[in-house]
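Chemist: Pasting a structure here, questions to come.
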Amino acid sequence: MIDKGPMLSRHDFSKVNWGILAAAALLLTLGAALLLLPLLSNMDENEVLTLLQTGAATIVLGCILLALRHCLRPTLTYRLYEHGVRVINPHSHKERFIPFEKIGDIYRFRGGRLFGGVFDVMAFRTSAEQPWCPVFSNVSHSWRLADTIIAQQIQQRGPQALNALYQGEMLSFHYLSCGARWLNQLLPGQRKRPSTQTLSLSSTALITAQGSIPIEQIRELENNPQRGTIRLLDNQGNALFTIGYFSLLSADLFIALLEHMIYTRITAYHNPAMTRQQF
């Protein structure tokens, strides 16, 4: 039996959606009252027509809000535990528990300031063969859940990845050139997988589509959250390599590993225990 640990938080329907429900109920009630008002009082024909039109429009608006709330319902809800996440499908009533150490890929998409974070999403999966578990903004406390999952991936997989690098293994990180196309794959019913490109990381070099960059040449990793870019700089401050943060899978794990290698020079290690340092 899997040790989940104690449950830390629930992540269901966001409270903003209950606000939509309250507004819809208010509009429907008001519309019904406007339709009944002519029956309870003596009014001329023009006043009755105005009330009927206003009441009908109010009810239609309430129905639109109800339809919007239905569309905004999350396809998956979550329970956060000490050792993992329970993923619940409220439609099929199926659920599964994913330990943090089993999370293989994490993807973040930002819809931009224009949409106020409505289309911001984080998604995770155990492997390329498994479906994504998207955490959209319509899930309550979505960013708190996302940040916890990302931090746990680094904490759980980071030391393992460093040991693998020390033993001469190569780690692969996949990325896309177009984040918007990737967002489509997180929606229900999407089966087609977009093509990805690969970054290969070893204890001595980062191998990109443009060539190999020795770790010793990298002086600094610059992560710019506002621009959404990751840049590797040399001693003169020149960019050796640039990639979009929101196009790279498990970008935070990639950053943590590379920063650790830059500042501690993993290639100079003589003691394997040193690779087990926490981030």
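The values are calculated or read from the model by the stated rules, or taken from the named source; none is laboratory data. Treat the numbers as computed from the prediction; the structure is a model and nothing was measured. Ideal geometry is used to build each Cβ from the backbone, glycine not excepted, and the neighbour counts take in all protein chains shown.
Chemist: Just wondering, is there one or more residues in the stretch 244-266 that are assigned to a strand (DSSP E or B) and either of a type in the set (Lys, Arg) or at pLDDT 80 or above (or both)? Step through it out loud before you land on a result.
Modeler: Within the stretch 244-266, the subset assigned to a strand (DSSP E or B) is 244, 248.
When the remaining residues are screened for being either of a type in the set (Lys, Arg) or at pLDDT 80 or above (or both), the result is 244, 248.
Among the residues of the stretch 244-266, at least one is assigned to a strand (DSSP E or B) and either of a type in the set (Lys, Arg) or at pLDDT 80 or above (or both), which makes the answer yes.
Chemist: Can you name the residue in the stretch 244-264 that is aromatic (Phe, Trp, Tyr) and over 15 Å from GLY104 (Cβ atoms) and, of all such residues, is surrounded by the fewest Cβ atoms within 10 Å (Cβ to Cβ)?
Modeler: TYR263
Chemist: For the subset of the stretch 167-214 comprising residues that are under 19 Å from THR229 (Cβ atoms) and assigned to a loop (DSSP other than H, G, I, E, B), which member is modelled with the lowest pLDDT?
Modeler: The residue in question is CYS178.
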